[in-house]
Amino acid sequence: MTSLQTPKHAISQICIVCYDIDKTMYEYSKRLGWGPWKVYDHSAPMLHDTYLRGEPTEFSMLGAETTVGGIGFELIQPTGGKNIYQEFLDEKGEGVQHIAVMKHNAEDSDALIADVDAPRLMGGKIGESIEFYYLETNPTLKIVIESGTGHAIDLQPVRTFSL
(Lines give C-alpha, C1' and ligand atoms only; values in the text may rest on other atoms or scores of the structure.)
Protein backbone atom coordinates (compact mmCIF):
# COMPACT_ATOMS: atom_id res chain seq x y z
CA MET A 1 0.00 0.00 0.00
CA THR A 2 1.40 3.38 -0.93
CA SER A 3 0.83 6.45 1.20
CA LEU A 4 -1.86 7.63 -1.24
CA GLN A 5 -4.04 4.53 -0.96
CA THR A 6 -6.97 4.45 1.42
CA PRO A 7 -6.77 1.51 3.84
CA LYS A 8 -9.64 -0.96 3.88
CA HIS A 9 -10.11 -0.40 7.61
CA ALA A 10 -8.95 3.11 8.61
CA ILE A 11 -8.42 4.30 12.17
CA SER A 12 -11.31 6.48 13.29
CA GLN A 13 -10.32 6.97 16.92
CA ILE A 14 -7.68 6.29 19.57
CA CYS A 15 -8.77 5.77 23.18
CA ILE A 16 -6.99 6.35 26.47
CA VAL A 17 -8.51 4.96 29.67
CA CYS A 18 -8.01 7.11 32.74
CA TYR A 19 -8.84 7.34 36.43
CA ASP A 20 -10.02 10.97 36.34
CA ILE A 21 -11.50 12.24 33.09
CA ASP A 22 -11.55 15.90 34.18
CA LYS A 23 -7.87 15.90 35.16
CA THR A 24 -6.95 14.08 31.95
CA MET A 25 -8.93 16.47 29.71
CA TYR A 26 -7.23 19.37 31.46
CA GLU A 27 -3.73 17.92 30.92
CA TYR A 28 -4.28 17.18 27.22
CA SER A 29 -5.78 20.63 26.71
CA LYS A 30 -3.03 22.44 28.62
CA ARG A 31 -0.05 20.51 27.25
CA LEU A 32 -1.15 19.73 23.68
CA GLY A 33 -3.91 22.25 23.00
CA TRP A 34 -6.48 19.51 22.32
CA GLY A 35 -10.16 20.25 22.65
CA PRO A 36 -12.85 21.32 23.01
CA TRP A 37 -14.12 18.08 24.53
CA LYS A 38 -17.63 16.66 24.42
CA VAL A 39 -18.34 14.65 27.57
CA TYR A 40 -20.83 11.78 27.65
CA ASP A 41 -22.29 9.76 30.51
CA HIS A 42 -22.67 6.26 29.10
CA SER A 43 -24.96 4.49 31.57
CA ALA A 44 -28.31 2.73 31.62
CA PRO A 45 -30.85 3.15 30.17
CA MET A 46 -29.02 4.92 27.30
CA LEU A 47 -26.29 2.25 27.46
CA HIS A 48 -27.98 -1.13 27.06
CA ASP A 49 -27.62 -4.72 25.81
CA THR A 50 -24.11 -4.81 27.24
CA TYR A 51 -21.95 -7.91 27.51
CA LEU A 52 -18.46 -9.00 28.52
CA ARG A 53 -16.89 -12.16 27.07
CA GLY A 54 -20.26 -13.37 25.82
CA GLU A 55 -22.09 -12.93 29.13
CA PRO A 56 -24.68 -10.20 29.75
CA THR A 57 -23.38 -7.63 32.23
CA GLU A 58 -23.97 -4.03 33.17
CA PHE A 59 -21.23 -1.42 33.09
CA SER A 60 -20.98 2.33 32.77
CA MET A 61 -18.39 4.95 31.88
CA LEU A 62 -17.72 8.58 31.24
CA GLY A 63 -16.41 9.33 27.78
CA ALA A 64 -14.83 12.51 26.42
CA GLU A 65 -14.14 13.05 22.73
CA THR A 66 -12.35 15.56 20.56
CA THR A 67 -10.82 15.52 17.10
CA VAL A 68 -7.07 15.81 16.59
CA GLY A 69 -5.71 16.06 13.05
CA GLY A 70 -8.82 14.45 11.60
CA ILE A 71 -8.79 11.45 13.98
CA GLY A 72 -11.08 11.06 16.96
CA PHE A 73 -9.40 11.01 20.36
CA GLU A 74 -11.35 9.56 23.27
CA LEU A 75 -10.90 9.36 27.00
CA ILE A 76 -12.83 6.76 29.00
CA GLN A 77 -13.20 6.64 32.77
CA PRO A 78 -15.01 3.48 33.91
CA THR A 79 -17.66 4.24 36.54
CA GLY A 80 -19.22 0.87 37.33
CA GLY A 81 -19.56 -2.82 36.56
CA LYS A 82 -17.16 -5.33 35.06
CA ASN A 83 -15.57 -4.02 31.88
CA ILE A 84 -12.36 -4.08 29.86
CA TYR A 85 -11.57 -0.46 30.73
CA GLN A 86 -11.31 -1.19 34.45
CA GLU A 87 -9.39 -4.42 33.73
CA PHE A 88 -6.86 -2.38 31.73
CA LEU A 89 -6.50 0.20 34.51
CA ASP A 90 -6.06 -2.55 37.12
CA GLU A 91 -3.45 -4.42 35.05
CA LYS A 92 -1.55 -1.60 33.30
CA GLY A 93 -2.67 1.77 34.60
CA GLU A 94 -3.70 4.63 32.36
CA GLY A 95 -2.89 4.44 28.66
CA VAL A 96 -4.00 3.52 25.15
CA GLN A 97 -6.61 0.80 25.62
CA HIS A 98 -8.05 0.47 22.11
CA ILE A 99 -8.06 1.77 18.56
CA ALA A 100 -11.40 2.27 16.86
CA VAL A 101 -12.27 1.34 13.29
CA MET A 102 -15.90 2.40 13.25
CA LYS A 103 -18.09 1.53 10.27
CA HIS A 104 -21.11 3.15 8.66
CA ASN A 105 -23.26 0.05 8.26
CA ALA A 106 -23.64 -3.55 9.42
CA GLU A 107 -22.16 -5.01 6.20
CA ASP A 108 -18.90 -3.07 6.61
CA SER A 109 -18.81 -3.99 10.29
CA ASP A 110 -19.27 -7.68 9.44
CA ALA A 111 -16.45 -7.43 6.88
CA LEU A 112 -14.10 -6.08 9.56
CA ILE A 113 -14.97 -8.95 11.90
CA ALA A 114 -14.26 -11.46 9.12
CA ASP A 115 -10.97 -9.81 8.19
CA VAL A 116 -9.71 -9.51 11.76
CA ASP A 117 -10.94 -13.00 12.70
CA ALA A 118 -11.08 -12.28 16.43
CA PRO A 119 -13.70 -12.85 19.12
CA ARG A 120 -15.89 -10.09 20.52
CA LEU A 121 -14.57 -9.20 23.92
CA MET A 122 -17.17 -6.66 25.06
CA GLY A 123 -19.93 -4.56 23.55
CA GLY A 124 -23.36 -3.03 23.74
CA LYS A 125 -25.64 -0.38 22.36
CA ILE A 126 -25.97 3.35 23.02
CA GLY A 127 -29.40 4.77 22.34
CA GLU A 128 -31.05 3.61 19.15
CA SER A 129 -28.29 4.43 16.68
CA ILE A 130 -25.01 3.03 18.04
CA GLU A 131 -23.80 -0.53 18.36
CA PHE A 132 -20.23 -1.01 19.53
CA TYR A 133 -17.97 -3.96 20.24
CA TYR A 134 -14.35 -4.70 20.97
CA LEU A 135 -12.35 -7.41 19.24
CA GLU A 136 -9.55 -9.19 21.09
CA THR A 137 -6.89 -9.48 18.40
CA ASN A 138 -4.10 -11.06 20.44
CA PRO A 139 -1.91 -12.79 19.37
CA THR A 140 -2.13 -11.52 15.76
CA LEU A 141 -2.44 -7.72 15.98
CA LYS A 142 -1.58 -7.16 19.67
CA ILE A 143 -4.32 -4.56 20.21
CA VAL A 144 -7.98 -4.28 21.06
CA ILE A 145 -10.02 -2.93 18.14
CA GLU A 146 -13.33 -1.18 18.70
CA SER A 147 -15.86 -1.19 15.92
CA GLY A 148 -19.56 -1.19 15.27
CA THR A 149 -21.88 1.29 13.68
CA GLY A 150 -22.56 4.86 14.72
CA HIS A 151 -20.46 7.12 16.90
CA ALA A 152 -20.98 8.92 20.22
CA ILE A 153 -19.85 12.18 18.66
CA ASP A 154 -23.35 12.27 17.07
CA LEU A 155 -25.02 12.24 20.51
CA GLN A 156 -25.80 15.21 22.72
CA PRO A 157 -23.03 15.57 25.33
CA VAL A 158 -23.87 16.08 29.01
CA ARG A 159 -21.27 18.88 29.03
CA THR A 160 -18.27 20.29 27.21
CA PHE A 161 -14.78 21.19 28.39
CA SER A 162 -12.17 23.57 27.04
CA LEU A 163 -9.49 25.83 28.47
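The values are calculated or read from the model by the stated rules, or taken from the named source; none is laboratory data. Everything quoted here is computed from the prediction, not taken from an experiment. Cβ sites come from the backbone with ideal geometry, for glycine too, and all protein chains shown count toward neighbours. Just so you know, the surface numbers come from the protein's heavy atoms only, side chains and all, with ligands and any DNA or RNA stripped out. Shrake-Rupley method; radii C 1.70, N 1.55, O 1.52, S 1.80 Å.
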What's the magnitude of the charge dipole for segment 45-122 around its Cα centre, counting Lys and Arg as +1 and Asp and Glu as -1 at the beta-carbon? Answer in Debye, nearest 20. 140
Log entry: pair-distance distribution for segment 91-163, C-alpha pairs binned every 5 Å from zero, whole % per bin is 3, 15, 23, 21, 17, 12, 7, 2, 0
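Give, in nm to one decimal, the length gained when the segment between Met46 and Glu128 is fully stretched (0.36 nm per residue of separation minus the Cα-Cα distance).
Value of the extension gain: 28.7 nm.
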Full extension from Ala111 to Arg31: what is 0.36 nm times the residue separation minus their Cα-Cα distance, to one decimal in nm? 25.0 nm
Enumerate the whole-percent occupancy of each 10 Å bin, from 0 to the last occupied one, for all C-alpha pair distances of the chain. 10, 40, 37, 12, 1
Heavy-atom accessible area per residue, the chain, 1.4 Å probe: how many Å²? 55
So if R0 is 22 Å, what FRET efficiency would Val158 and Glu94 give, r being the distance between their Cβ atoms, rounded to the nearest 0.05? 0.50
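Can you give the relative contact order of segment 22-163 as a percent, counting alpha carbon pairs under 8 Å and 6+ residues apart?
Details: 261 pairs, mean separation 40.9, N = 142.
Dividing the mean separation by the residue count of segment 22-163 yields 29 percent.
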What residue among Gly33, Asn105, Gln5 has its Cα farthest toward the positive end of the dipole of the chain, where the charges are +1 on Lys, Arg and -1 on Asp, Glu, each on the Cβ? Gly33
For segment 111-163, give the percent of accessible area contributed by carbon and sulfur heavy atoms, probe 1.4 Å, rounded to a whole number. 54
For a 19 Å ceiling on Cα separation, which of these pairs sit above it: Lys8/Lys103; Lys103/Lys125; Lys30/Lys92; Lys82/Lys125? Lys30/Lys92
Counting Lys +1, Arg +1, Asp -1, Glu -1, what net charge surrounds Gly72 among other residues with beta carbon under 11 Å of its beta carbon? -2
Could you tell me the distance between the Cα centroids of segment 52-100 and segment 117-146, to the nearest Å? 11
Measuring from a point 7 Å past the Cα of Ile11 along Cα-to-C-beta, which residues in segment 46-72 have an amide N at less than 19 Å? 64-72
